[in-house]
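Here is the structure we will look at, set down as structure tokens.
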Amino acid sequence: MSLTVLALSLVALALAVPTLAERLSAARRRRAKEAKRPERSVFADPGRERRAEHRARELLRSCVNDEEWSMYRDLGFIRVRGSTPGYAYLIYPHKPVVAYMPESGRLLNEYCVEFPDMTGAIAGSRLPDSDDVLAKWMALTGDERRLIRTANMHLPGRQVDPGRVRRDLWRLAQWERSRSSARS
Amino acid sequence: MKFLRMRPGHGEVLLTEGDPDVREDEERLVEEFRRQLDEGMWAAVPTHAPGSGRRQAVMIHEYGEIPSGADRVIFFPRASGG
């Protein structure tokens, strides 16, 4: 009887070993993966980005005029007229500034520009969307030439789909029409 | 007058504030202004374009260029080609 129990125990043990080994190995892999994972970033708090964007939107709203704010709120970009007549820019968050001719709708260039904060621990993360738009707006309206000189210029279509820009220009025209008819 | 700075992942933060007509405040503002530019920030004051509803920014390169009556200066990271 005791021999039978011993034999059964040995069989059970032999069957359990691969399973235990597999579990141990899986746990080791999991620990190694967790060790490789970078430390939780600045955005450990899930609401932080949302609050940052909320603050940035309020700041943007307080700087631009009513038309530009409404444009951003409704369409997601701001049109800024250039210092040269017949020349304008579309400012998108975290995308190149697109230059175009308002009369013809012809797309001219993409100006790739970013605002990296290289100080301290925040290097590597980026501005909230609305801060990026405001930085471009301030740099364009404050010193258009310097911004254009600083940016990398490309033909349309490198980063922003020209079809999307044309749709946005059409949406902008519709939006302006509906605003002016609402006023009259 | 307030000095605000855009912070990645945070939105703007208040760096300092003070009355430029009060000497102690002004010294603090000048010092902070220089520190921000040394850290590679650009500074701008949002304003109204004269004679229109248009708004624009004035880029500020040194403390003395801040328009009188400006209620805030916004510091933001220097642009670079993306």
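The values are calculated or read from the model by the stated rules, or taken from the named source; none is laboratory data. The model shown is predicted, which means the values in this text are computed figures rather than measured ones. Cβ placement follows ideal geometry from the backbone for every residue including glycine, while neighbour counts extend to all protein chains displayed. Accessible surface is based on the protein model in full, side chains and every heavy atom, while ligands, DNA and RNA are left aside. Shrake-Rupley method; radii C 1.70, N 1.55, O 1.52, S 1.80 Å.
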Per-residue mean of C-beta atoms belonging to partner chains within 10 Å, peptide B:20-31: 0
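What quantity of accessible surface, computed with a 1.4 Å probe and excluding non-protein components, is buried in total between chains B and A, in Å² to the nearest 100?
3000
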Low-density loop cleavage sites - GluC sites (Glu not before Pro) in the range A:67-111, where at most 14 other Cβ are within 10 Å (DSSP): A:Glu103
Partner chain coverage, peptide B:8-18 - average Cβ within 10 angstrom: 6
Antiparallel DSSP beta bridges within the range B:3-81, percent to nearest 5: 85
³J(HN,Hα) computed for each position of the range B:66-77 - Karplus, 6.51 cos²θ - 1.76 cosθ + 1.60, integer Hz, glycine/proline x: 5, x, 5, x, 5, 9, 7, 10, 9, 9, 9, x
Residues with amide H under 5 Å from that of B:Ile60, placed H, sequence gap 5 or more: B:Ala43, B:Ala44, B:Val45
Euclidean distance of C-alpha centroids, the range A:126-184 and the range B:1-79, integer Å: 24
Residues whose placed amide H lies under 5 Å from that of B:Thr16, excluding near-sequence neighbours: B:Phe3
Calculated diffusion of chain B, Stokes-Einstein form, Kirkwood radius summed over Cα pairs, 37 °C and 0.692 mPa s, µm²/s: 245
